[in-house]
Structure formats: C-alpha cells, structure tokens
Amino acid sequence: MISPSRILVIDDEADVLMAARLLLKRHFSSVRTERDPSLLPELVRGNAFDVLLLDMNFAVGAGSGAEGLKWLTEIIALDPDAVVVLITAHGEVELAVQAMKQGAADFIVKPWENSRLVATLSAAANLRRSRLEAKDLRQRHRALAATLAGPRMGSELIGASPAMLNLFELIRRAAPTEANILILGENGAGKELAAREIHRQSARASEAFVHVDLGAIPAALFESELFGHRRGAFTDAREDRIGRFRAAAGGTLFLDEIGNVPLHLQAKLLAALERREIVPVGGDRAVPIDVRLIAATNLTREQLSDGTIFRQDLFYRINTVEITLPALRERAEDIPLLVGHFVGVYARKYNTPTKRVTAAALEALAFSDWPGNVRALRHAVERAMILGAGTVLDAGDFGLLPKERHGDGPQTLDSVERDTIRRALEKHGGNISHAARTLGLTRPALYRRMEKYGL
C-alpha cells in the first residue's frame, strides 16, 4: 500500500537521487529530488512535504557536516514541525546523533539498506502527521478556551466591608495552591468574579480560564460538552471535539451551578476528577487531564449535605477549600463603592458624562434587600444611566423611593424587576436563553423569577 506522504530528497549526487526516487516512488505518493539545497527555504515555506531526506555534505570534498547542520537549523526555524531525516556516511554517525539533538528526527547511513530507508521514512511521516494533528488540536484548544472563557462581567470584586476583606484574605491564601475550591453564594453575589480572581492569583494565571454553566447544559449533552467526543459518536458529531476539560488544560476549569447536575451525571464527573482522566464520547482511550477545579453553586451547605440532592463523595472532592460569598444585604456599606464603579462603567459604555448619585438615592439603594445581589444592582445602575435625565441620579431614577417616604424600605423594587424581566422577554420574543443572557441570569434563575411574578 502506497503511503500518501510527500517526500523531498536533497543530495548533490545524481546517482543517489535516482536510486532514492526509484525506490521511494513505490512506497510514497509523492517523491521529489533536488540537488540544490538553496531551494529549501521556498519549499519549506510552501509546506509541500511531510519528510525531508537531507544530505549532510554538499560541497566537493566536504565531510564536516556543517552544511547539513546549517540547513537543518534553517528548516526548523522556518517550520518547527518539520521532520528531517539526515543522510550520513559511516564516519559521521556521531555527528548525526548531535544533529538529532538539534531537531533532526532520525538519520540513515549510506549506502543504505532499502528496507531500512523505507521504514525510517514511514516512521518519520507518521511523526509529521502526529505533529500536525497536535498542532491543530492546540489551535482548536486555544480557540475553544477563548470562546468558553467568555467576556468579563464589567466589574471586579469590589468592597471594603469586613465581609469582603475576609473574602479577599481567603482568596489570597487559597489561590496559589492547587486545591479544589467550592464557592457558595446566592445568585448574583459574584461567584464567577471570585473564581476569576482565584485564577488571576494562581500559578495558572497565564493559561485558560474556562467557564462552564452546568445549569445550561442538557443532560443528554453533558458528557460530550465536558469530556468531548469523537467524530461519528452520535448523529451530529461531524468532527472530533475536545470538550471543556481539555480546553482548560493547564489552566482553570470553573464549573458554575454544579448543584444543578443530576445525580447520575455527578457520578461521571466524580470519576473524571478521581482518575484525573476522561474518555471522550465514542472514544476507547482515556485522556489525562490537568486542570485546577473551581466549582460554584447557589445551594446552601445544608442542601449539599443532602445525599438525595448531591453526592457526598463528590461534595468532599470539590470542596478542599470552601468560600462563601456574602449577600449584598450583608454588606450594604459597599453599595456606594459599587454604584460609583458601575456609573463609571456605563458612562464609558454608552459614551455619556458620569452622573452624580444623590445621598437620598444611595440611602434608598442601601436600604434594599437586593434579592438579585450585585448583579441586580448593576442592572439598576445601567437602567438609571440610560433613562435618567440630566447629570444627577435620584432614587426615582432607580425605581425606588427615598427612605423617609417609604419607612421600611423600597416598595417598588419587585415591580422594577418584574418590568425588567418582562421587557427582556418581549425583546427576545420569549426566548428564555437569550433573555436570561441579557439579564445576567441562568435559565433556572429566570424561570424562578418568572414563576414568582406570574410571567
């Protein structure tokens, strides 16, 4: 069977080239021979060959191998994935071994044995194929990791309250380790921001941060999304996919909403974490994984301790370090800082002047329970920046009444949230996924609010 590989032979002896061509054309689909090594840069840049069979000496009487080493260095510089097999004489074997340390794949001694030459070039062609496949995988890995990392949320972890200072200290101590971290907190409290900050302060900061919203992945696609799949594994599997674990290789995998994973799939996740390997859907070989795991959920610790909701062996696997984010109502003193930050963010986003927030507005904002936490506050500020007239924002611009007018707290916050959700649903024609994305909510969180408000 003829290999589809393309072979280039460079040697200054016409007899050597003819012998190589007659032999190799019976085993490889394309064989080209050249006497002039100066053609190498153009041929390598054209990426036209899988294996280069290169003589080590070209000048008449030359025997030092210097020319071969020079051309080897240039070839590798032009194409780091190039596969070069050297042709050497008996007395130059040590030189050929040195050349292999500089990037040559192998060497063949002339006069060669035909079977040895064919076997050597076949192995070299396989090496070239594997290098190109690995390069393609790395490129797809980077592209997928960049896509999955997603845009930053427009804010950082902000606060000067005792609760936030304690959080910052926990992150500072835990981030440099390789420990698995479980982040607990209500919706909108900033779990993703905390995960990103842990990644930023870790030894893996220069590698990928891959965010996976487990609440948005259908159970039928769970394994394919996390572990990848092979082409043909199922109807729509038209090509290999590496999955989220491999996309995060060397970096951080953030499994958000882990509490939403059904029990039978929790077992598969546990197996991957325990063995530090995954098997793609349709594959028959385990693939090692190297990720730092951060998980997050809005379930309480009590709920996670219920074996009918969450596997206890998985719970203990993922919470080597446990961090609980404070709700916004527990750190109301941070609200002025957050509001000032978001005003600046949306002034830049919408190219408008920065607006001043009145003391009455800040008082009303601080008095709210903020069931949607920082995410809800951010949306309230964005809405006020868009709809507020003039350069000053008062309580009414946030859909609130000043404290002295409503006694125990804002009376219209629920109606503001209900109207915001209704408008998002109308804007996206009832598409839950798109509306949830606009609102900064997960699909389950949006469903809960729709049920709460009768939408």
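Points to keep in mind about this one:
- Scope the stretch 223-251; condition out of contact with any Asp or Glu (no Cβ under 9 Å at 6 or more places or on another chain), surrounded by fewer than 19 Cβ atoms within 10 Å (Cβ to Cβ) and either modelled with pLDDT of 85 or more or not in a loop (DSSP other than H, G, I, E, B) (or both); matching residues: none
- Neighbours by Cβ (under 8 Å, 6+ apart or cross-chain): first from the stretch 279-308, under 17 Å from residue 255 (Cα atoms); second surrounded by 14 or more Cβ atoms within 10 Å (Cβ to Cβ) and among the aromatic types (Phe, Trp, Tyr): 289/245; 291/245; 294/254; 295/254; 296/254; 299/310; 304/310; 304/315
- Selection status of residue 198, buried (at least 23 other Cβ atoms within 10 Å of the Cβ), farther than 19 Å from residue 272 by Cβ and either touching a residue at least 60 places away in the same chain (Cβ under 8 Å) or out of contact with any Phe, Trp or Tyr (no Cβ under 9 Å at 6 or more places or on another chain) (or both): yes
- Hits in the stretch 206-222 (condition: hydrophobic (A, V, I, L, M, F, W, C), open to solvent by 40 Å² or more (accessible area, probe 1.4 Å) and in contact with a Ser or Thr (Cβ under 9 Å, 6 or more places away or on another chain)): 216
- Pick from the stretch 352-378, criterion within 13 Å of residue 397 (Cβ to Cβ) and outside any loop (DSSP other than H, G, I, E, B), ranking: nearest to the chain's Cα centre (by Cα): 365
- The set of residues in the stretch 112-126 being buried (at least 17 other Cβ atoms within 10 Å of the Cβ) and either within 15 Å of residue 52 (Cβ to Cβ) or among the polar types (S, T, N, Q) (or both) consists of 117, 120, 121, 124, 125.
- Here the stretch 163-195 is the region considered, the condition is being free of Cβ contacts under 8 Å to residues at least 60 places away in the same chain and over 23 Å from residue 302 (Cα atoms), and the residue that is surrounded by the most Cβ atoms within 10 Å (Cβ to Cβ) is 175.
- Qualifying residue in the stretch 167-174 (condition: under 19 Å from the mean Cα position of the chain (by Cα) and of a type outside the set (Ser, Thr, Tyr)): no
The values are calculated or read from the model by the stated rules, or taken from the named source; none is laboratory data. Quick caveat: nothing in here was measured; it's all calculated off a predicted structure. Cβ coordinates were reconstructed from backbone atoms using ideal geometry, including for glycine residues, and neighbour counts include every protein chain displayed. All accessible areas refer to the heavy atoms of the entire protein, side chains included, with ligands and DNA or RNA removed. Shrake-Rupley method; radii C 1.70, N 1.55, O 1.52, S 1.80 Å.
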